[in-house]
Amino acid sequence: MGVAFHNYHSAYKQLPSAEGWRFAIAPYIETTDSKPLPPAERPEDFPACFQAVRGEAGETNIFAIVDAESAFPPMPSKPTRFRDMLDGLSLTILLIELPNRTAELRANENMTRDQAYAALRELEPGEVAYALMGDGATIPLVGQIDPGLFDALVTRDGGDIIQEHL
């Protein structure tokens, strides 16, 4: 998905909106077997695009964090570009994958910063969530993550110093 976001950004010079990112990046998702994904020209085609990647056509556990200071500000908003992420792409969360939450794949369901942090705090021992960072890297997140660190990773241009939270 990280590559898909970068390919989308290359094509459009911005990130997709919070209310349509799943559909928008679907044509840019690369599979491990080098087969092209089915086209997603209509919303009803959308689950088939992700079936090859996630194995499940109807649900997802991947959410954008929608916040005025995140990579996905609430609508309506001006588009976010990678250059807007002044904290650095490697220090800004794009998506969060949660083992304890699901949503319908076609839905525009995302999470606020507070909802995402609450979901992290509810992780069972041994469960790990993953954050997709702006540079395409994934990092593990556990329920005991410092709230200051989480907030610093969510903001795109807060000027946060990550080291003080480690």
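Nothing in this text is a laboratory measurement; each read-out follows from the coordinates by a stated rule. Owing to the predicted nature of the structure, the values given are computational and were not obtained by experimental measurement.
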When the Karplus curve 6.51 cos²θ - 1.76 cosθ + 1.60 is applied with θ = phi - 60°, which whole-Hz ³J(HN,Hα) does each residue of region 7-14 get, with x for Gly and Pro? 5, 4, 4, 4, 6, 10, 6, 6
In order over region 81-92: 3J(HN,Hα) from phi, Karplus 6.51/-1.76/1.60, θ = phi - 60°, whole Hz, x for each Gly or Pro, gives 10, 4, 5, 6, 8, 5, 6, x, 4, 6, 10, 10
